[in-house]
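The values are calculated or read from the model by the stated rules, or taken from the named source; none is laboratory data. As the structure is a prediction and not an experimental result, all values here were calculated from the model. Methodologically, a virtual Cβ is constructed for each residue, glycine included, from the backbone with ideal geometry; neighbour enumeration extends over all protein chains shown.
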Amino acid sequence: MSAPVRVRYAPSPTGDPHVGNIRAALFDWLLARRTGGAFIVRIEDTDRAREIPGAKERILEALTWLGLDWDEGPGKGGPFAPYVQSERQALGVYAEPAERLLASGAAYLCYCPTERLDAMRKAQQARGEPSRYDRACRDPAQREAMRALNDAPVVRFKTPTEGRLGVRDALRGEVEFDLSLLDDFVILKADGFPTYHLGHIVDDHLMEISHVLRGEEWLPSLPRHHLLYEALGFEMPVMAHLPIVLGPDRSKLSKRHGATSVLDYRDQGYLPEAMVNFLALLGWSVDGSTELISRADLIERFGLDRVLSSSAVFDVQKLDWMNGVYMRSMTHDELAERLLPLLEVGLPEDAPRPIDPAYLAAVVPLEQERLKRLSDAPDLLSFFFVEQPRYNPMRIIRKGMARDGAREAIDRSLRAAEALDEWDAPSLERTYRALADELGLTSGQLFGALRVAVTGREAAPPLFDTMAVLGKQRVVARLRAAGGFLGAMPVAC
Ligand code: GLU
């Protein structure tokens, strides 16, 4: 077993918790738990303009929902607090290293006005070139000239203008970069906030992070970070760039493909266990074939050695399947416990509250197989709880039956129910099979009519089990209502 790691999940509160992003958090968490290390959460909110109110809370909510508890971070504290970059900036955490780089000549102040930079970017775009800073302020004379135009400088890092640099990635081995493609990038902005490049390096160093797991989209920035680590005299953590998460059409997963926020999946009624299992397999595998793996086994088996370097496809059908498996594998009691709060909120208003847990416990075994997501429950189970399910009485009249025949079948069924003392599935079945014979109906006809009258549905769990759970009182009331509906229908029916 490897040495305990210190890993961090460092989201920017600029949007909802994207599945690709949370997948990185899960891998961090698994590695920390596997090695007995620490999982740290740090909020990277230095891009003040892009911050979305509430995003931080939603990201933390997603981690909590999935059970990815953090050892240090917001709300938890820790030896390197605060864990929010804006709070760290106020303490001068980033100004000191930036000044050190300025003093050593590894960085310089840039006074170029925004208009100049914008014009430069546009011209480069028009020529089909990548936008890059032209290093004007690297030259002291030009810098002085720019200073007359702008008094709020940024700090830029001096990058080599040529050469090649090999940097190690834990998943890919040595990756080679062409340094001539880099420009002198900003490390400290005019508002005094660090850019991501400087901010995360300083914090990863101060927080003693041993491994950085992040999305592959950061791989092109790796040479810049390597150079910054060197200039600051910090040791670079192990870097692992996780395969990108793609939609089924193999383009980067986006809203176009459906929900991308982990919380949307929670709201759609997926189970956190299924989501964790599913996310773990987005770019990692136990053995290339195992699909279902428990949280405990994930912790036991997880390692960077089996993180794939090819992209991972987010297949919602697989998630649906997995969710169904987890739903079915829960004990009745577990499922009932999770459904209770959802039903309290989601059932129609005429369902009496509070819900009786003992009654729910009897209902759950009948429906568990049919529930694909937790959120299916209020709709699927509502007929068990409402006073009277709503349906079109025409549906009681099954194929080959006339309205009068249906009416008679329901009236006789009502009388049979009223007369029945043993209210259990076998007695009910015996009674109604005999009644079908007596009425000259097939069991399919009578049972179909009863199913609609008693549940409002044509597809429901086994009829007599359902009637047994509903109880005599409800069944009698619903049959009486059904007879009334049929009686009140226009004769032409
Ligand atoms: N704040 C960065 C992001 O949200 C973190 C990237 C990293 O993990 O280093 O993408």
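Summary of values
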{"item": "Members of the range 357-395 found to be in a loop (DSSP other than H, G, I, E, B) and either in contact (Cβ under 8 Å) with a residue 12 or more places away in the chain or surrounded by 13 or more Cβ atoms within 10 Å (Cβ to Cβ) (or both), listed by number", "result": "Leu371, Lys372, Arg373, Val386, Glu387, Gln388, Pro389, Arg390, Tyr391"}
{"item": "Checking Glu216 against (1) under 23 Å from Gly105 (Cβ atoms); (2) crowded, with 18+ Cβ neighbours inside 10 Å; (3) within 16 Å of the ligand (Cβ to nearest atom), the condition it does not meet", "result": "(1)"}
{"item": "Pairs where the first residue, in the range 453-472, is without any contact (Cβ under 8 Å) to a residue 12 or more places away in the chain and the second is hydrophobic (A, V, I, L, M, F, W, C), C-beta under 6 Å, 6+ apart", "result": "none"}
{"item": "Residues within the range 1-51 that are part of a loop (DSSP other than H, G, I, E, B), among the polar types (S, T, N, Q) and within 21 Å of Met275 (Cα to Cα), tallied", "result": "0"}
{"item": "For Leu308: the one exception among (1) modelled with pLDDT under 95; (2) over 20 Å from Ala24 (Cβ atoms); (3) in contact with a Phe, Trp or Tyr (Cβ under 7 Å, 6 or more places away or on another chain)", "result": "(2)"}
{"item": "Test set (1) touching a Leu at 6+ places or on another chain (Cβ under 8 Å); (2) over 25 Å from Val238 (Cα atoms); (3) loosely packed, with under 12 Cβ neighbours inside 10 Å - Glu176 fails condition number", "result": "(2)"}
{"item": "The lone exception for Leu91 - which of (1) in contact (Cβ under 8 Å) with a residue 24 or more places away in the chain; (2) over 19 Å from Ile22 (Cα atoms); (3) not β-branched (Val, Ile, Thr) it fails", "result": "(1)"}
{"item": "Condition met for Val202 (within 15 Å of the ligand (Cβ to nearest atom) and not in a helix (DSSP H, G or I))", "result": "no"}
{"item": "Residues satisfying the stated conditions in the range 8-43, i.e. in contact with a Ser or Thr (Cβ under 9 Å, 6 or more places away or on another chain), near the ligand (Cβ under 10 Å from one of its atoms) and among the aliphatic types (A, V, I, L, M)", "result": "Ile43"}
{"item": "Failed condition for Thr46, given (1) more than 14 Å from the ligand (Cβ to nearest atom); (2) in contact (Cβ under 8 Å) with a residue 12 or more places away in the chain; (3) closer than 30 Å to Pro140 by Cβ", "result": "(1)"}
{"item": "Entirely in the range 405-493, the helices (runs of 4 or more DSSP H) that have 2 or more residues that are more than 29 Å from Glu369 (Cβ to Cβ)", "result": "425-439, 472-488"}
{"item": "All positions within the range 272-302 that are farther than 14 Å from Leu26 by Cβ and touching a residue at least 24 places away in the same chain (Cβ under 8 Å)", "result": "Glu291, Leu292, Glu300"}
{"item": "Any hit, the range 244-259, residues being within 30 Å of Pro79 (Cα to Cα) and either basic (Lys, Arg) or away from the ligand (no atom under 15 Å from the Cβ) (or both)", "result": "no"}
{"item": "From Glu61, Glu51, residue being at pLDDT 95 or above, within 14 Å of the ligand (Cβ to nearest atom) and surrounded by fewer than 19 Cβ atoms within 10 Å (Cβ to Cβ)", "result": "Glu51"}
{"item": "Number of positions in the range 96-128 that are loosely packed, with under 15 Cβ neighbours inside 10 Å, under 30 Å from Ile209 (Cα atoms) and among the small types (Gly, Ala, Ser)", "result": "3"}
{"item": "Filtered residue count, the range 439-450, keeping only those that are surrounded by fewer than 22 Cβ atoms within 10 Å (Cβ to Cβ) and either within 16 Å of Val469 (Cα to Cα) or among the polar types (S, T, N, Q) (or both)", "result": "3"}
{"item": "All positions within the range 219-234 that are in contact (Cβ under 8 Å) with a residue 12 or more places away in the chain and outside any helix (DSSP H, G or I)", "result": "Phe234"}
{"item": "Single unsatisfied condition, Met467 versus (1) within 44 Å of the chain's Cα centre (by Cα); (2) under 15 Å from Met401 (Cβ atoms)", "result": "(2)"}
